[in-house]
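Inspection log for the structure reproduced underneath, given as structure tokens.
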Amino acid sequence: LPASQARAGAERPTVIAHRGASTYAPENTLAAVDKAAELGISWVENDVQRTRDGELVVLHDDNLKRTTDVEEVFPGRAPWKVKDFTADEIALLDAGSWFGPAYAGARVPTLEQFMDRLELHHQKLLLEIKNPDLYPGIEEQTLKALANEGWLDTDHLASRLIVQSFSPDSVRTVHELKPTVKTGFLGTPPTSELADYADFADQINPSHSSISSDYVATVQEFDGPHGRPLEVFTWTVNDADTARLVAGYGVDGIITNSPDVVRDALPEE
Ligand code: G3P
Ligand code: CA
């Protein structure tokens with residue numbers, strides 16, 4: 001479906017830099033946040049996990065192997081799970097060299113450092129609580145961290161923060177602990193179950209390969225916990241044709257590693 005046939009009156013989807021502008025800089029690092037800002041992208045997605053000593057850090061995998069030099073720095077510590085390392089140990093790791101020599105020395109940021117960098121650029125955060133089953137209480141802890149950094153003030157709550165998870169229990173917990181926070185469920189629930197999700201999630205955020213124009217329209221017919229239509233942010237769309245396709249479906253947001261490509265593919269409003 002060409003973008004010109006998008007739903008009448010549909011707004012241009014929000015573009016969200018997935019793990020930062022992760023095509024161009026190592027994912028979930030401050031460099032990836034800076035790259036998104038440089039490209040003029042205000043929304044950044046990240047993934048939050050917890051260290052052995054209870055610090056929230058920004059990393060996609062529950063394991064440090066793929067994106068750091070942990071095997072060289074701590075050779076005897078297999079299987080190198082985030083939850084088995086302290087924050088000070090993780091701060092020693094190089095989270096950039098795997099991506100390219102220009103990023104040697106990039107670190108795994110704490111959530112606090114990540115939020116500070118977003119604040120510096122006046123950016124917005126789509127925060128994913130990753131693997132909540134591994135980290136009991138991470139929802140409450142994340143909300144406290146957000147509050148401590150000023151991310152639960154009126155301005156951030158209104159337009160600069162969404163908390164999402166693949167775990168419906170985790171999304172529901174965030175909503176119940178802090179009903180003013182906008183939330184998203186990652187997945188593609190059957191339409192027969194959307195009314196249940198609409199009790200605690202403001203967004204349904206599915207893989208782009210799992211959706212159709214009809215599915216998106218059906219989701220948007222439900223009102224979420226704040227009385228507004230459910231939104232759909234779809235992932236991970238990295239090419240212009242797919243961006244135009246899902247924009248034609250009427251999605252509200254597109255989560256992408258290449259936010260410049262997606263933005264430039266979308267028609268002007
Ligand atoms: O934000 C959507 C997307 O991040 C979900 O998948 O594995 O990249 O966290 P994943
Ligand atoms: Ca994610």
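The table for this structure:
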| item | result |
| --- | --- |
| Peptides 128-136, 75-83 ordered by average Cβ neighbours within 10 Å, highest first | 128-136, 75-83 |
| Cα gyration tensor shape for region 89-175, rounded if a/c is under 1.5, else prolate or oblate | oblate |
| About the Cα centre, charge dipole magnitude for region 34-85 (Lys/Arg +1, Asp/Glu -1 at Cβ), debye | 220 debye |
| Debye log10 I(q)/I(0) at q = 0.09, 0.17, 0.19 Å⁻¹ for region 5-155, Cα point scatterers | -0.29, -0.95, -1.15 |
| Contour minus Cα-Cα distance for residue 240 and residue 120 (0.36 nm per residue) | 40.3 nm |
| Separation of the residue 87 and residue 192 label points, Cα + 7 Å toward Cβ, nm | 4.6 nm |
| As computed over the chain, the Cα convex hull volume per residue (Å³) | 122 Å³ |
| Candidate lysines for bridging to residue 35, where Cα separation is under 20 Å - those fewer than 8 sequence places away on the same chain excluded | 124 |
| Potential extension, residue 112-residue 12 segment - 0.36 nm per residue separation minus Cα distance | 32.9 nm |
| Label-point separation, residue 65 to residue 102 (7 Å along Cα→Cβ), nm | 2.9 nm |
| Residues residue 226 and residue 53, FRET efficiency given R0 of 41 Å [Cβ-Cβ distance, rounded to 0.05] | 0.70 |
| Label-point separation in nm, residue 268 to residue 210, each point 7 Å along Cα→Cβ | 3.7 nm |
| For region 96-243: rounded, prolate or oblate by the Cα gyration tensor [a/c cutoff 1.5] | oblate |
| Rounded to 10°, Cα long-axis angle of helix 138-148 versus longest principal axis of the chain | 90 degrees |
| Degrees between helix 240-249 axis and first principal axis of the chain (Cα, 0 to 90, nearest 10) | 50 degrees |
| Relative contact order of the chain, defined on C-alpha pairs under 8 angstrom at six or more residues apart (%) | 22 percent |
| Point-charge dipole on Cβ atoms (K/R +1, D/E -1) for region 3-265, about Cα centre, debye to 20 | 260 debye |
| Top positive-direction residue, dipole computed over region 3-265 with Cβ charges, set 151, 33, 73 | 33 |
| Listed peptides 181-188, 38-45 by packing density, highest first (mean Cβ within 10 Å) | 181-188, 38-45 |
| Debye-sum result for region 132-196 in log10 I(q)/I(0), which assumes one identical scatterer on each alpha carbon, at q = 0.17, 0.18, 0.28 Å⁻¹ | -0.61, -0.68, -1.27 |
| Angle in degrees between helix 168-177 and the longest Cα principal axis of the chain, rounded to the nearest 10 | 90 degrees |
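FYI, it's all coordinate maths here, none of it is from the lab. This structure is a prediction, so every number in the text was calculated from the model and none was measured. So basically every Cβ, Gly included, is an ideal-geometry build from the backbone, and we count neighbours across all protein chains shown.
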